[in-house]
Amino acid sequence: HGDIVVRGDPSSRSFSLGGTVNGLAGSGLTLQLNTDVPLPIHSNGSFTFPGSLPSGTSYQVSVLQQPSGPQQRCTVANARGMIASTNVANVRVTCAVQAYSVGGVVTGLMGSGLVLQNNGADPLNITANGTFVFAEPLASGATYNVSVRTQPDDPRQACTISRGRGTVGASHVTTIIVNCTTSDFTVGGTVRDLEGSGLVLRNNGGDELTVDANGPFVFDTTLPPGASYDVALAEQPRGPRQTCNISNASGVISDRNITNVTVR
């Protein structure tokens, strides 16, 4: 009698489904098989969904929850198919850290030459008020520290930064504020050879200053960079009467106090 060989029907068998994960740095990654089998993933390497699928069953693997800390985006290759007659092990999940831009807004800028930097590098020239973005994006979870590398001049200004430090989360950083202010400067100088009383000086036709002694003088009203000044005699001294002359009487404020007006 010949031997009888019984062969199983592959269509009645069940097979496992899995693959590999690469690039995972965060936590919380959860895959899903079809719509009802979640699988938490804790590390790179191979994975297999629990249970098995009968031959002829369609499958689709998707990301139910993306990882965070750092924020990542994971994609699935070979995600769809149909169970044939072997285990499926070629589903490939690749994760990459998300990168986001760092920037904000500049206000009050009048001068030129303002340069910002992030984390001591990535210099950024700022030429006008408005929004700015550094060239180098940062990965989720990375820290940023924005500072002023070069203050503006012409006119000279002092720019300060608020909300300049932090950690990149899951979106672009747009909350950094750079506020530039212009320092005002005084106008003054020196009076010499004064013997009388009642000397009155006037700047720009309105800011009057009474001087009763030799030495330095300063007008009360300060002026911003770029403003003109013009010092004149409002009243000559008397008792004894004298005639005073002014040198270096006019000019334009630059980036420092005016101290060289001479009244003799």
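The values are calculated or read from the model by the stated rules, or taken from the named source; none is laboratory data. This one's a predicted model, so the numbers in the text were calculated from it and none came from an experiment. Cβ: placed from backbone, ideal geometry, glycine included. Neighbour counts: every protein chain shown. For accessibility, only protein heavy atoms count, side chains too; no ligands or nucleic acids. Shrake-Rupley method; radii C 1.70, N 1.55, O 1.52, S 1.80 Å.
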| task | Evaluate the relative contact order of segment 1-153 (contact order divided by residue number), counting alpha-carbon pairs under 8 angstrom at least 6 apart; express in whole percent. | result | 22 percent
| remark: For the chain, percent of DSSP beta bridges that are antiparallel (nearest 5) comes out at 85 percent
| Using heavy-atom solvent-accessible surface (probe 1.4 Å) with all chains present, what is the largest-first order of Arg202, Arg264? | Arg264, Arg202
| Given the options Thr160, Thr57, Thr181, which has the most mean-square fluctuation in a GNM of the chain, springs set between C-alpha atoms less than 10 angstrom apart? | Thr57
| request: Quickly rank 118-124, 70-76 as a protection proxy: mean count of other C-beta atoms within 10 Å, highest first. | output: 70-76, 118-124
| query | For Phe47, what accessible area in Å² do you get when you roll a 1.4 Å probe over the heavy atoms of the protein chains, rounding to the nearest 10? | reply | 20 Å²
| Relative contact order for the chain: what is it in percent, counting Cα pairs under 8 Å that are at least 6 residues apart? | 13 percent
| remark: The ³J(HN,Hα) series, computed from each phi in segment 131-139 with the Karplus coefficients 6.51, -1.76 and 1.60 at θ = phi - 60°, rounded to the nearest Hz and given as x for glycine or proline, is 7, 9, 9, 5, 5, 8, x, 10, 6
| message | Could you work out how much longer the chain between Val218 and Asn204 gets when fully extended? Use 0.36 nm per residue separation minus the Cα distance between them, nm to one decimal. | response | 3.7 nm
| task | Order His42, His172, most accessible first, counting only protein heavy atoms with a 1.4 angstrom probe. | result | His42, His172
| Considering only the other residues whose Cβ falls under 11 Å of the Cβ of Pro225, what net charge follows from Lys and Arg at +1 and Asp and Glu at -1? | -2
| Extreme residue, positive dipole direction of segment 78-181, given options Val168, Gln157, Ser112 (C-beta unit charges) | Val168
| By accessible area with a 1.4 Å probe, ligands and nucleic acids excluded, highest first: order of Asp220, Asp207, Asp230 | Asp220, Asp230, Asp207
| query | What accessible area, in Å² to the nearest ten, does a 1.4 Å probe give for Thr186? | reply | 40 Å²
| remark: Note, segment 13-20: 3J(HN,Hα) by Karplus (6.51, -1.76, 1.60, θ = phi - 60°), whole Hz, Gly/Pro = x, goes 9, 10, 9, 7, 9, x, x, 9
| field | Thr131-Ser85 pseudo-label distance in nm [points 7 Å out on the Cα-to-Cβ vector] | value | 5.9 nm
| field | Gaussian network model of the chain, Cα within-10 Å springs - most flexible of Ala135, Ala213, Ala79 | value | Ala213
| If you place +1 on the Cβ of every Lys and Arg and -1 on the Cβ of every Asp and Glu, how big does the dipole about the Cα centre of the chain come out, in debye to the nearest 20? | 880 debye
| field | For segment 188-223 and segment 100-133, distance of Cα centres in Å | value | 42 Å
| message | Running a GNM on the chain with Cα contacts under 10 Å, which residue among Cys159, Cys180, Cys244 ends up with the highest mean-square fluctuation? | response | Cys244
| remark: Amide H neighbours of Ala142 at under 5 Å, excluding residues fewer than 5 places away on the same chain, with H built from the backbone geometry, are Val168
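Determine the relative contact order of segment 120-223: mean sequence separation of Cα pairs under 8 Å and six or more apart, normalised by residue count, in whole percent.
19 percent
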| query | What is the gain in length, in nm to one decimal, between Ala227 and Asp184 on full extension, counting 0.36 nm per residue of separation less the C-alpha to C-alpha distance? | reply | 14.5 nm
| remark: Once all protein chains are kept in place, Ser27 shows an accessible area at probe 1.4 Å, nearest 10 Å², of 70 Å²
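As an exercise, use a Förster radius of 45 Å and the Cβ-Cβ distance of Gln151 and Asp36 to find the FRET efficiency, rounded to the nearest 0.05.
Result of the calculation: an efficiency of 0.15.
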